[in-house]
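A short write-up of the structure that comes next.
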Amino acid sequence: MKSFNRLIAGVLIFLLAGILGVNIYWNHLQGNEAERLYRVEIERVTEELREKGNTAAINCDAYQDIRSVTVCKGEADVNRVGKYPVCIRQIKGTVYRIEYEEEDKTVRRQERILINGILFSAGGLLLCVLLYIRWCIIKPFHVLEEVPLELSKGNLSVPLQEQKTKYFGKFIWGMNLLREKLEERQRRELKFHREQKMKLLTLTHDIKTPLSVIKLNAQALEKELYQDAEKRQQAAGNIYQKTVEIEDYLMTMKELSKDDFLELKVDVQEVYLSEVLETLRRYYKDKLSQLHIGFNMGEYQNFLVKADTERLLEVLQNIIENAIKYGSGKKIGISISKEEDCVLIAVENTGEVLPAEELPHLFDSFYRGSNAGSQEGSGLGLYICRKLMHKMNGDVFLKQEENLFSVTVVVGMAN
């Protein structure tokens, strides 16, 4: 806000200095014009009289401001007051009366008033625009600039107040909608984790019983408390039975860990492929150029496909971001082809080869390949991609040939 106030002050100072400069230049210009309009012409007439010595030879029509040239016959002619200003010149003993016309000062004053009026009006309009921007855009924005930071801190309970200005109505509505969705997601995740914790606590408690049985039977066998072979066989059977029971509990825990806590909504519609691919091209052409990574998108037909535009963009962006993070940093290519009633969008990059046994698990939740290294990540990217494509009746698969890694998105075509 302070910097914008300084801008307004600077514009105001510049405007006043400009008006002052224009008026100074105007005075200088008018002085030069006055010199040209009658004084120079008087000197020309004087020279002509010196040469010709006869007023009859003087053609006043040839001059713009000279009205008459006459010979003064006495003091009365010299002092006579006429319609026009007079210049008296004595040439070779003869006194000449030169009448001339000055510029109309009233017209000149009106012109100056008009020019100054235009300058003040333009400057006033510019100042009004700047003040309007300050009060209606800059000032309300300063109220909103802290909102994303507060949302990132998890302060989701306080809604944004509606602003009278029309410029931020949609922004405030969108931020409130985002806040509500984040708040709802936070509640849903808390509920999910609470339920998961209760289930795990219950399973942990249930596991204690078979563990106790295994412990007692194992101790009895270790200390050879059972002399009868049948008793020893029964104890071993109990251990095996309780081991199977614990395995069932562990399987239950594993299934719980795979519960889909991500609520992924899609809105499948018929969209043209170019709506997605051209958005990708515009964004990654600049980004990858800055990263000095080659980028190439092959030619394609503008098929009509069934997909959620935003979700399909999310899938492809996720795959490209993975290629940037885990690839060799040399080149990323996108190729598009048609196969039966599907469109295949393949993202290819070179990079470190992954062991074959890892490839089937890359779409598992929270799984990260051995090439992740120190790169940050949650292991959910490809998992979410596949979930989204399944919801759009599509799919995602990958393949690896030598050092070429390719992730292909399968999108269904519209009928």
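Table for the structure above
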| read-out | value |
| --- | --- |
| Selection status of Lys199, assigned to a helix (DSSP H, G or I), open to solvent by 60 Å² or more (accessible area, probe 1.4 Å) and touching a residue at least 40 places away in the same chain (Cβ under 8 Å) | yes |
| Any chance Ala62 is within 18 Å of Arg39 (Cα to Cα) and not polar (S, T, N, Q) | yes |
| Count of residues meeting criterion [in contact with a Gly (Cβ under 6 Å, 6 or more places away or on another chain), modelled with pLDDT of 90 or more and in a strand (DSSP E or B)] in segment 372-411 | 2 |
| Criterion: surrounded by fewer than 12 Cβ atoms within 10 Å (Cβ to Cβ), over 30 Å from Leu190 (Cβ atoms) and at pLDDT 80 or above - qualifying residue of Val95, Val71, Val81, Val86 | Val81 |
| Unique residue being modelled with pLDDT of 70 or more, out of contact with any Cys (no Cβ under 6 Å at 6 or more places or on another chain) and surrounded by 15 or more Cβ atoms within 10 Å (Cβ to Cβ) when the list is Leu182, Leu119 | Leu119 |
| Verdict on Asp341 being in contact with a strand residue (DSSP E or B) (Cβ under 6 Å, 6 or more places away or on another chain) and open to solvent by 20 Å² or more (accessible area, probe 1.4 Å) | yes |
| Which numbered condition Lys330 fails, given (1) open to solvent by less than 40 Å² (accessible area, probe 1.4 Å); (2) without any contact (Cβ under 8 Å) to a residue 60 or more places away in the chain; (3) farther than 17 Å from Val396 by Cβ | (1) |
| Residue count for segment 290-329, restricted to those that are out of contact with any Ser or Thr (no Cβ under 6 Å at 6 or more places or on another chain) and either closer than 22 Å to Leu404 by Cβ or part of a loop (DSSP other than H, G, I, E, B) (or both) | 26 |
| Single residue of segment 344-364 satisfying the filter (buried (at least 18 other Cβ atoms within 10 Å of the Cβ) and β-branched (Val, Ile, Thr)) that is nearest to Glu270 (Cα to Cα) | Ile345 |
| Pair list, Cβ < 6 Å and 6+ apart or interchain, from segment 111-126 residues that are touching a residue at least 24 places away in the same chain (Cβ under 8 Å) to residues that are of a type in the set (Ser, Thr, Tyr) and loosely packed, with under 11 Cβ neighbours inside 10 Å | none |
| Subset of segment 232-260 [open to solvent by 90 Å² or more (accessible area, probe 1.4 Å), farther than 30 Å from Tyr383 by Cα and either at pLDDT 80 or above or not in a helix (DSSP H, G or I) (or both)] | Gln233, Gln234, Tyr240, Gln241 |
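The values are calculated or read from the model by the stated rules, or taken from the named source; none is laboratory data. Please read these numbers as outputs of a predicted model, since none were measured by experiment. Note that each Cβ is placed from the backbone with ideal geometry, even for glycine, and that neighbours are counted across all protein chains shown. All accessible areas refer to the heavy atoms of the entire protein, side chains included, with ligands and DNA or RNA removed. Shrake-Rupley method; radii C 1.70, N 1.55, O 1.52, S 1.80 Å.
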